[in-house]
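Input: a single structure, listed below in structure tokens.
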Amino acid sequence: MTKKFSVLGTRAPKLDAPDKVTGRAKYAEDLNLPGQLYGAILQSPHAHALIKRIDVSRARRLRGVRAVITAKDVGLTKYGVSPARYDETLFAHEKVRYVGDEVAAVAAVDLETAFAALDLIKVEYEELPAVFSVDDALFNGAPLLHSDYPNNICAEVHQEFGDYEAALGECDYVRTDRLVSKRQDAAFIEPHACVADYDSSGNLTLHSSTQTPHYVQRTVAMVTGLPVGNVRVVKPHVGGGFGPKAEATPLEMSACFLSMKTGRPVKMAYTREQVFLHSRARHQFFHEMTTGVKKDGTIHALHHRAVLDGGAYSSFGIATVYYAGSLLGGPYRLPHMKYDGMRVYTNKPACGAQRGHGGVAARACFEQQLDIIAEEIGMDPVELRLKNIMQTGDVTCNELDMSSLGMRECIEAVRNGSDWVKKKGKLPKGKGIGMACGFFVSGAAYPIYRSDTYHSTVIVRVAEDGGSVTAFTGSADIGQGSDTMVAMIVAEELGIPMSAVKVASGDTDFSMDLGAYSSRQTLMTGHAAKDAAEDVKRQILAVVADELGVDVGRLDIADGRVRIKGEKPDIEPLRLRYVKEHRGWADVPKGDDLTFREAARLATVANGSIVGTGKYKPPRLGGKHKGAAVGTSPAYGCSAQIVEVSVDLETGQVTVDAMTDAHDCGQVVNRTSVEGQMQGSLSMGLGEALLEEVKFDGNGRILNASLGEYKIPTSLDMPRVKSIIIESHEPNGPFGAKEVGEGAIMPTIPAILNAVYDATGVRLHELPLTAERVYGAMKEAKKKGR
Amino acid sequence: MKKLQIFIRVNGEDHELLVAPNRTLTDVLREELDLTGTKHGCDEGECGSCTVLLDGDPVNSCLVLAAQADGRDITTIEGVANGSDLHPVQRAFVDQGAVQCGFCTPGMVLTAKALLDKKKRPTEHEIRAAVSGNLCRCTGYQKIVDAVQAASRGKTGAGR
């Protein structure tokens, strides 16, 4: 693949960066509509309780209150993420299931009055016994959260690929290991906020801090009963999402109902504590893996058991429990894999999708186990991995097609980039080095709801003067840089400079797009953008060919000019027409070639507005087994990391000193953005490995629902990262591009686990690696005389 | 609550305001002066997204009562650029890819500007220590550190 690109692969500054560094960029809470009211939500103080009575009369009478709504007012339409598990209603009726469950909402002339009104709502509860751990929830006779889910089992998965039992008998070496992770919070810096605006004609516009305008539009329409066509969701700038902002929230739906009831715009925002209470972030996972290998290190069989603490509702959890299993199918050849997964309801905030959805803790458990196996059979951990990795074209036992896979290149790059050979096994006590690999989907191959819909459409419209084009897309830039990606792809395809491309995005009125989740937008929105640009190019060149009387096959656009193969026709008459139209203008087109501006203007004059449309949906992919949709993707990104740590042998404190990271993202679109995703993934992984845990008291209340008590990495916790980009060519990606946003987090936790072992000689099977936990493990090991 | 009269200078412009004694500087900047570049991230002084410069020093404006700012000079993110010319720190943040979601960016830029105003060529550790009270969940901080370094060296243009 030697095609030369003029825009792709460069370090283009992000389109929104100038507005973000000057404070001009507007986030949902920055929006103020004339006459707006302020909303607030009343949440349950109990983890599990019957609602005997709700009295809102005093709240309604408070001066300045414009509306108070409860389940009685908004109805009991069930919603959620997967249609098969719609288990939420906007407001609790009959009972509440976690501390924070929504009971009522108010709208008032200011926020103070709204909060005062919440205090006046009297709710009579009758407390019920609650379950706070998976063990308690699964205990025979445990109180049920949802009467239609016996034993509090939200979802169960049983899959087998190959013949696990028989394969185990063929193994020379078998071992079982466990890993327990902790519930996390996504800790995006912008708390959710929104403004709902229901107008006099019955149209509802919701401005919201969301990753998925399309899904929010559908859920809001379903729950409010408005036709989908009357609901418009607009995403302003979003201050990070990482998964939990990928579903409709009670905040959004409350604001919508309150606006519909009052006829005025209603603004609402979660406090930081409410972000923790709403959660929808990373589950707590309990993994147990039995892996069998041959004498020579060939990985042969895996039995994986996982239990997920889901919290009170399903959210994305059905996908999570499937992902936890399916994402072990690669990047190593593994012919026999058995998976038993279970997601359990508990009386805590619901967990959902978070960066590396479902696969992160499982990957940590497996990669640590591979390290243990390597040591026990006397192989270098890098060699063990190199021996087993898949190649481009391999298909996993669960039918994931590695249509491009630079796994070997990634491993070799980090091995060489970190001086692994000189360091592994040779560092002094207290210093350690560890490595791990991982891979992730480049867009879910199926939408959340069953449909043959296109996953992405893009419209490119040429400005009347021909000087610029605007790409309209419903896709969601939440900071990762997808708008810039769209601009770069349109510019590349149209043969014009990026400065001539504008992007209007994040609006359900612009186009159909499933949004920012499962690392899908570069591949899917990118495809649709390329397709739309191609359409525009075709329309413009057809007019030019006609005017010049040359075959259209001889024409192309590059560097903002119309290139003509073979003998050049006289372009002067066309130029004269353009110049006559633009008397007094300073920037008269020059040069021997017709400019894009002239060509586009010519086409507009001939045919009216030039609008190109593009669309993308993946072909039918994946296996036929139950749950095959989860993990199936048109492409997979992969990565390898090597981490170096220092462990204070007196205190157990772990410091990460260096990280070397290689990721295969296919063709690079924006080099700076790829590195940004890689480095951001590593910091989130480092936080999960060393610091992060949402803690509860004995009554289901969060103990550390603040950014002071819930610790995420600061600039002093992150070492300098060496980021190495590996470029493969992905046949299913636009120009060969695929994901980077989530695959890059996969190896981080296990690489740290393996480095800590190298430094201390102690294996840890519980996260996070706090000083206390590491110290305890070292002390225990000493007692055992190891 | 009886309102208090305060005089503050914000981005070089004088304002006379009547504020409730319990209102934070963040809220007054955002709601009275429409300076929404100052963000609400946690409202308890942990995230740094509400950072403004108070007489040149970075502070969490959510922990400052508006009344405490009486008679003081405040710089918000809206006052950093010179018209449409970006400040070197802003320029470097754009060029180096230090901006992702951008929610921490105003606070980061102000903290970095305050650092460079006091120390022309800080070391990498000094930069990391200076911005350690500004949380960023997107970038892993590397490109932010790179941007501050580039700005301190007067470098512009895209780099690593």
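We did not get these values from a lab; they are worked out from the coordinates using the rules stated. These numbers come from a predicted model, not from an experiment. Backbone-built Cβ (ideal geometry, glycine too); neighbour counts: all protein chains shown.
Under 24 Å Cα-Cα from A:Lys626, which lysines qualify once same-chain neighbours fewer than 8 residues away are excluded? The reachable lysines, counting only those whose Cα sits under 24 Å from A:Lys626, are A:Lys338, A:Lys617.
Across peptide A:668-681, the mean count of Cβ atoms from other chains lying within 10 Å of each residue's own Cβ comes to 4. Overall form of segment A:617-690: oblate. Here a/c, set by the Cα gyration tensor axes a ≥ b ≥ c, is 1.5 or more, and a/b is not larger than b/c.
Sites listed here are trypsin sites (Lys or Arg not before Pro) in segment A:556-614 whose DSSP assignment is loop and whose Cβ has at most 13 other Cβ atoms within 10 Å: A:Lys565, A:Arg583, A:Lys590. In this rough spin-label picture, where each label sits 7 Å from Cα along the Cβ direction, the A:Asn151-A:Asn203 distance is 5.2 nm.
What is the Cα centroid distance between segment A:319-344 and segment A:490-552, reported in whole angstrom? Result: 37 Å between the Cα centres. Once a ≥ b ≥ c are taken as the square roots of the eigenvalues of the Cα gyration tensor of segment A:205-336, is the result rounded (a/c under 1.5), prolate (a/b larger than b/c) or oblate (a/b not larger than b/c)? Verdict is prolate for segment A:205-336.
Is the protein assembly as shown rounded, prolate or oblate when judged by the Cα gyration tensor, a ≥ b ≥ c being the square roots of its eigenvalues, rounded requiring a/c under 1.5 and prolate requiring a/b larger than b/c? Verdict is rounded for the protein assembly as shown. Estimated from helical segments only, the mean residue ellipticity of chain B at 222 nm is -7500 deg cm²/dmol, where each DSSP H run of four or more residues counts as -39500 (n - 2.57). Here is how the number arises for chain A: DSSP H runs of 4 or more residues each give -39500 (n - 2.57), the sum is divided by the residue count, and the result at 222 nm is -8500 deg cm²/dmol. When only the Cβ of Lys, Arg, Asp and Glu is charged (+1, +1, -1, -1), the dipole of chain A relative to its Cα centre reaches about 580 debye.
Restricting the GluC sites (Glu not before Pro) of segment A:453-538 to loop positions (DSSP other than H, G, I, E, B) with no more than 16 neighbouring Cβ atoms within 10 Å leaves A:Glu464.
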